[in-house]
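One structure is given here, and the rest of the page talks about it.
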Amino acid sequence: MIVIGGGLAGLASAVALADAGFRVRLLEKRPHLGGRAASYILPGGEHVDNCQHVTLGCCTNLEEFYRRVGAQNQIRFFDKLVFAAPDGRRGTIRASALPPPLHMAPSFALFPLLDLADKRAIAKALLAIAHSGGSPADLAADCAPAMTMRAWLEKHRQTPRAIRRFWEVILVSALDEQLDRIDARYGVDVFWKAFLSTRGGYRVGIPRVRLGDLYEGCRKALAGRGGEIQLRAGARGFLIVDGRVDGVEREDGSVETADSYVAAVPQDALPQLLPAEIVEREPVFANLRNLCASPITGVHLWFDRKVMSEPFLTLLDSTTQWVFNKTQLYGDGGKGAGAGGQYLQLVISASYSLSARSRQEIISLCIEELRDVLPATRDAKLLKGTVIKEMSATFSPTPGSDRWRPPQKSPIARLFLAGDWTFTGWPSTMEGAVRSGYLAAEAVLSEAGIPRKFVQPELRPEGLARLWSRAT
Ligand SMILES: Cc1cc2nc3c(=O)[nH]c(=O)nc-3n(C[C@H](O)[C@H](O)[C@H](O)COP(=O)(O)OP(=O)(O)OC[C@H]3O[C@@H](n4cnc5c(N)ncnc54)[C@H](O)[C@@H]3O)c2cc1C
């Protein structure tokens, strides 16, 4: 087997196929594994993540993948979400002993950053989602056209502050898109899977190590079956004869052959690996141009002293959305910030407003916002700051975008597709990428006449959420 692309989709398909007994060669064009969820060394010597990546308790396939490659202990789960308003006040959301979907109700009732009218509106909309088992009737598949999340929230009479301080805060970071560009089905699904159907689905999992360290076990998994991972090994294109792949040409001009090929490259890279006439002829490939990309900006700041005590914070009413206390999360004393210093990583999803702004402008804006929520930054010295803009961070979950996402079995014989953008039922996330890799491995094995399941089931609804989802 040949897998092209060493992001999570390629790695997941490669280790699954190796586990099924196949010799897998994985070709990755960059000098490191992980794709968009990678880490690397900056010119100044700091080892940084491309951007902070978090998982949630409901990401069952990613969790299983980490277990499969021996990285499960490197993820630490948090069950307390702390929100910070620009006036410095904090509010906390966490699960109680009540059965889902009521488990968050006590902390939500006491949450100080929303008022009664906001909470009443939110509770009504959340109950509508929970009562329908995550599939409200007004979003049924046969309802056309697909609705945006903002339209759905307005229909369900959400107050402007409920939208801004609750729905937008969660969804813009979960789906990397603005509410008026999100398909409401994706938005509702986030709340059902993470916050309503189970007690633990919302728990935030954060790596204790650099992202690249999570993939060490993949090499061993492939080597155990005689396979290997090659870095700086870009593919130039597939050789297609009579409707089937006969080989893959590498950037160095050599040709490799295999029984099957998994293309696990981003959606805009795949058409470049195929003859133009095939891309135009096959809607599966031609339609990929309809999938739009959305940006994420990561801001890395190294301070000369401790400025934050929480492991991470969600900011309300500001451009900066999340702040991660990397020094505390790594437990390594803040490499790069010197002893006693602190390294923070800030995340801004759907960061369209920052695309034309300079790195210095972005750093100044973020520092200004931090002064309000982390007063210790006012006296601290910023030792260094770096901005990483990912203009094509994820595909945009616009209304109806699912119809452009192809299945993992392609119309070309021996060619299988993986990537967060293939059809998985999940948005563009690490969970979606791993699912796609497992689905591609299942498709390869099914074609070979030895079907096997790799995809993990979703968490089963619990408590009242279970009763209600059965009744729908
Ligand atoms: C800034 C940022 C923050 C994010 N935050 C989160 C988060 O907190 N939680 C979350 O779940 N998701 C997050 N995501 C999304 C997540 O990173 C992606 O959904 C996931 O990593 C996609 O994996 P993939 O394997 O499908 O694609 P990719 O990671 O893009 O992998 C594709 C690989 O193919 C390689 N490749 C391309 N062309 C060739 C070629 N010709 N030959 C060989 N190799 C090739 C690329 O180098 C790359 O390694 C974030 C993404 C970004 C960019």
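The values are calculated or read from the model by the stated rules, or taken from the named source; none is laboratory data. Since the model is a prediction, treat every value here as computed from it, not as a measurement. Don't worry about glycine lacking a Cβ; one is built from the backbone with ideal geometry, like all the others, and counts go over all protein chains shown. Only protein heavy atoms, including side chains, enter the accessible area calculation; ligands, DNA and RNA are left aside. Shrake-Rupley method; radii C 1.70, N 1.55, O 1.52, S 1.80 Å.
So the values come out like this:
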item	result
Residues of the range 79-101 satisfying the condition of being under 27 Å from the mean Cα position of the chain (by Cα), of a type in the set (A, V, I, L, M, F, W, C) and surrounded by fewer than 17 Cβ atoms within 10 Å (Cβ to Cβ)	Val82
Criterion violated by Ala337 - all others in (1) crowded, with 17+ Cβ neighbours inside 10 Å; (2) at pLDDT below 95; (3) on the phi > 0 side of the Ramachandran plot satisfied	(3)
Residues of the range 1-20 satisfying the condition of being in contact with a strand residue (DSSP E or B) (Cβ under 8 Å, 6 or more places away or on another chain) and within 13 Å of the ligand (Cβ to nearest atom)	Ile2, Val3, Ile4, Gly5, Gly6, Gly7, Leu8, Gly10, Leu11, Ser13, Ala14
Condition met for Gly217 (open to solvent by less than 60 Å² (accessible area, probe 1.4 Å), out of contact with any strand residue (DSSP E or B) (no Cβ under 7 Å at 6 or more places or on another chain) and on the phi > 0 side of the Ramachandran plot)	no
Residue ID - farthest from the ligand (Cβ to nearest atom), chosen from residues in the range 265-281 that are farther than 22 Å from Ala18 by Cα and part of a loop (DSSP other than H, G, I, E, B)	Pro275
Test: residue in the range 382-390 that is over 21 Å from Ile41 (Cβ atoms), out of contact with any helix residue (DSSP H, G or I) (no Cβ under 7 Å at 6 or more places or on another chain) and open to solvent by 20 Å² or more (accessible area, probe 1.4 Å)	no
Single unsatisfied condition, Ala137 versus (1) surrounded by fewer than 16 Cβ atoms within 10 Å (Cβ to Cβ); (2) small (Gly, Ala, Ser); (3) under 30 Å from Leu329 (Cβ atoms)	(3)
Residue among Gly237, Gly227, Gly298 that is surrounded by 21 or more Cβ atoms within 10 Å (Cβ to Cβ), within 12 Å of the ligand (Cβ to nearest atom) and either more than 30 Å from Ile93 (Cα to Cα) or touching a residue at least 60 places away in the same chain (Cβ under 8 Å) (or both)	Gly298
Members of the range 432-464 found to be in contact with a helix residue (DSSP H, G or I) (Cβ under 6 Å, 6 or more places away or on another chain) and either of a type in the set (Val, Ile, Thr) or open to solvent by less than 30 Å² (accessible area, probe 1.4 Å) (or both), listed by number	Ala433, Val434, Arg435, Ser436, Gly437, Tyr438, Ala440, Ala441, Phe454, Val455
Gln328 being more than 12 Å from the ligand (Cβ to nearest atom), modelled with pLDDT of 95 or more, buried (at least 23 other Cβ atoms within 10 Å of the Cβ) and over 18 Å from the mean Cα position of the chain (by Cα)	no
Helices (runs of 4 or more DSSP H) contained entirely in the range 109-222, each with at least 2 residues that are over 21 Å from Val54 (Cβ atoms)	116-131, 149-155, 184-190
Failed item in (1) in contact with a Lys or Arg (Cβ under 6 Å, 6 or more places away or on another chain); (2) open to solvent by 20 Å² or more (accessible area, probe 1.4 Å); (3) more than 16 Å from the ligand (Cβ to nearest atom), with Ala105 passing the rest	(1)
Single match in Val284, Val262 (criterion: part of a strand (DSSP E or B), surrounded by 14 or more Cβ atoms within 10 Å (Cβ to Cβ) and in contact (Cβ under 8 Å) with a residue 60 or more places away in the chain)	Val262
Subset of the range 226-243 [among the basic types (Lys, Arg) and over 14 Å from Ile2 (Cβ atoms)]	Arg232
From Leu114, Leu175, Leu126, Leu179, residue being over 26 Å from the mean Cα position of the chain (by Cα) and buried (at least 19 other Cβ atoms within 10 Å of the Cβ)	Leu114
Helices (runs of 4 or more DSSP H) within the range 358-472 that include 3 or more residues at pLDDT 95 or above and within 16 Å of the ligand (Cβ to nearest atom)	359-373, 430-447
Residues located in the range 21-58, provided they are surrounded by fewer than 18 Cβ atoms within 10 Å (Cβ to Cβ) and away from the ligand (no atom under 12 Å from the Cβ)	Gly21, Arg23, Ile41, Leu42, Pro43, Gly44, Gly45, Glu46, His47
So Val245, is it open to solvent by less than 40 Å² (accessible area, probe 1.4 Å), touching a residue at least 60 places away in the same chain (Cβ under 8 Å), away from the ligand (no atom under 14 Å from the Cβ) and more than 29 Å from Leu365 (Cβ to Cβ)	yes
Any hit, the range 266-274, residues being farther than 25 Å from Ser396 by Cα, in contact with a strand residue (DSSP E or B) (Cβ under 9 Å, 6 or more places away or on another chain) and crowded, with 17+ Cβ neighbours inside 10 Å	no
